[in-house]
1. On a full-extension model of 0.36 nm per residue, what is the gain between Ser112 and Arg93, subtracting their alpha-carbon distance, rounded to one decimal in nm?
2. Using 0.36 nm times the number of residues separating Val105 and Trp44, minus their current alpha carbon distance, what extension gain do you get?
3. Is the shape of segment 1-62 rounded, prolate or oblate, going by the alpha carbon gyration tensor and its root eigenvalues a ≥ b ≥ c, with a/c under 1.5 for rounded and a/b larger than b/c for prolate?
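The numbers here are math on the coordinates, done by the rules we state, and not lab data. Worth saying up front: this structure is predicted, and the values here are computed from it rather than measured.
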Amino acid sequence: MITVSYDDSNGVIRTVTYGQTSRVEIEDYLKRLFGMIERAYAEWGRVLHLVDASGLDMQSDENLKTLAGASVDVQARENDRTAVVMVSENAIRQMEQMPSQMGTVIFGDFTSAKAWLFATFDEPEVLAA
């Protein structure tokens, strides 16, 4: 399961993913995500993306390749950042196999992820936990 939302107050895109996901679900998610990315650029001039993958299981190689290709596209500009919260050692190892991207960091908790996400911006941290 993957959900994605956009916070109007600060332009943060929030993705929540857990369990196994199908390729069809990933493709639908990516369409919604890229629409929100366009909106973030139009309204804020950058992308801040908080990914809650704390309940994520390992994915199939096919699904991982789909997500890996898309995640590279998310980091298009210097100020873009993606904070990923993960707790599963297996999922973290799998994530580390994805193509390296500037601006993406894996965290073990939301407090650290949110602090890093907003570290260089003079904007309030108003994300729900």
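1. 4.9 nm
2. Taking Val105 through Trp44 to full extension adds about 19.9 nm, to one decimal.
3. Judged from the Cα gyration tensor, segment 1-62 comes out prolate (a/c at least 1.5, a/b above b/c).
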